[in-house]
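We did not get these values from a lab; they are worked out from the coordinates using the rules stated. None of the values given here were measured: they were computed from a predicted structure. Here the Cβ positions follow ideal geometry from the backbone for every residue, glycine too, while neighbour counts run over all protein chains shown.
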Amino acid sequence: MECSKCKKVGFSKPSSRTLFECDQCNAAFCADCTDSSASEVEVLQLQRRKLIFYCPNCVHLVNDVGVLMSQVRELTGINDLLRKEIEDLTNANLDTEKILKRK
Ligand SMILES: [Zn+2]
Ligand SMILES: [Zn+2]
């Protein structure tokens with residue numbers, strides 16, 4: 001196995017040259033090429049990858065998904081507001097046909 005970024009050959013057993021496989025694209029990265037802090041790398045080694053690891057390429061994707069999700073939540077909120085406004089208008093018993101013909 002070699003690092004997808006720097007092409008250094010790593011070892012599969014825990015060491016300073018352990019390669020981590022990305023949970024998203026399965027690319028292997030050495031500790032030097034990940035954005036993980038030294039303590040995060042240690043945890044990954046100790047817990048045998050109980051933490052989900054994303055390589056530098058996929059971290060951006062994951063962040064994008066997070067941004068998208070918050071946008072979706074925002075839009076859902078707007079949607080709820082609009083639905084409520086439509087309900088209010090319906091309840092107000094407005095004659096929409098008359099309003100449209102007024103043009
Ligand atoms: Zn590397
Ligand atoms: Zn990846």
Point-charge dipole on Cβ atoms (K/R +1, D/E -1) for the stretch 57-101, about Cα centre, debye to 20:
60
Just to check I understand the Karplus step: with θ = phi - 60° and J = 6.51 cos²θ - 1.76 cosθ + 1.60, what whole-Hz values come out for the stretch 64-79, glycine and proline as x?
4, 4, x, 5, 4, 4, 5, 5, 4, 4, 5, 4, 4, x, 4, 4
Rounded, prolate or oblate: which one fits the stretch 57-101, using the alpha carbon gyration tensor with axes a ≥ b ≥ c (rounded when a/c is under 1.5, else prolate when a/b beats b/c, else oblate)?
prolate
